[in-house]
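Please read the structure below before turning to the comments.
The values are calculated or read from the model by the stated rules, or taken from the named source; none is laboratory data. Keep in mind that this is a model prediction, so the values were computed, not measured. Note that each Cβ is placed from the backbone with ideal geometry, even for glycine, and that neighbours are counted across all protein chains shown.
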């Protein structure tokens, strides 16, 4: 990405520079568009659920930027040797999730590919003055996480046929649950910064927030909501390869408490699929938000850390 040409435009509110969740382009004083795209290979066996998860993941970037999804396009890679009913179920799952978000599906593009892939290109709308970025956290803020983590590790377990149907259903619900309710809560309080937790893991996205905001982020592992079976499987070494890439990418930029076990790093760097929002806001506002979430959110949520003045390390895990 560093070799791409730099594009400048007076109406480009957010581009590539801050590793944000989506691009934001100002149309006029009242409207800006949010543009994002995401797709990936199946992580569950049920094609309908895979479609829901992939769509929820794609829509999440718009919520993380403070916007509302408006229109979506399907992105499909699918082998012609497979039953087309499988593809139909994937698309049905995605379409229903788009409808749940209040957006409209307007077509898409498909290619013949040996490995199935699915996702969405999503356009959203936001007021130019209400755009949320991952690079505006303030010292003194606390950090709220709106979904439990562990989906990367548990998806690895699903592929190895090591989880029960009940456990798979619980994980699938978390991944397919839209960040709409979390985003609606944000609009009722004063928020400084926001991002959604996806492939870079909780620690990776917290690092990006810290780096972009020129602060230090401190995560408290004991306060982080974690999906059942995650810790036990992490202790056994069932770790996706992306975890190690995430750790290597910011090697030397983080500090971990010596008392924590090795599996802690594997969990906080675990690449998530359709994770929750990580929200940086003043402590008083966080109390209001937590009270809102008690009656609106259907997933675990918690205050998981705080924002400090810039120190030697961008990220501290204790």
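Would you call residue 164 at pLDDT below 95 and over 23 Å from the mean Cα position of the chain (by Cα)?
Numbers: at pLDDT below 95: yes; over 23 Å from the mean Cα position of the chain (by Cα): yes.
Judged against the criteria, residue 164 is a match.
Selection over the stretch 206-234 of residues that are more than 12 Å from residue 314 (Cβ to Cβ) and in a helix (DSSP H, G or I) gives a count of 8.
Exactly one residue out of 224, 186 is over 17 Å from residue 306 (Cα atoms), in the same structural domain as residue 158 (by TED's automatic domain parsing) and modelled with pLDDT of 95 or more, and it is 186.
Give me the strands (runs of 3 or more DSSP E) completely within the stretch 248-318, filtered to those with at least 3 residues that are farther than 17 Å from residue 150 by Cβ, assigned by TED's automatic domain parsing to the domain that holds residue 180 and in contact with a strand residue (DSSP E or B) (Cβ under 6 Å, 6 or more places away or on another chain), ordered by residue number.
Working: elements: 254-256, 277-281, 302-308, 315-317.
Ranges flagged: 254-256, 302-308.
Kindly evaluate residue 146 against the criterion of being closer than 30 Å to residue 213 by Cα and in the same structural domain as residue 173 (by TED's automatic domain parsing). Taking the combined requirement at face value, the residue satisfies it. Here the condition is being part of a helix (DSSP H, G or I) and touching a helix residue (DSSP H, G or I) at 6+ places or on another chain (Cβ under 8 Å); of 202, 132, 178, 120, it holds for 202 alone.
How many residues are outside any helix (DSSP H, G or I) and within 15 Å of the chain's Cα centre (by Cα) when one looks only at the stretch 145-161?
The initial filter retains those residues of the stretch 145-161 that are outside any helix (DSSP H, G or I), namely 145-150, 160-161.
Still in the running and within 15 Å of the chain's Cα centre (by Cα): 145-150.
The qualifying residues number 6.
Checking the stated criteria, residue 112 turns out to be farther than 28 Å from residue 264 by Cα, modelled with pLDDT of 95 or more and either outside the structural domain of residue 191 (by TED's automatic domain parsing) or touching a helix residue (DSSP H, G or I) at 6+ places or on another chain (Cβ under 8 Å) (or both).
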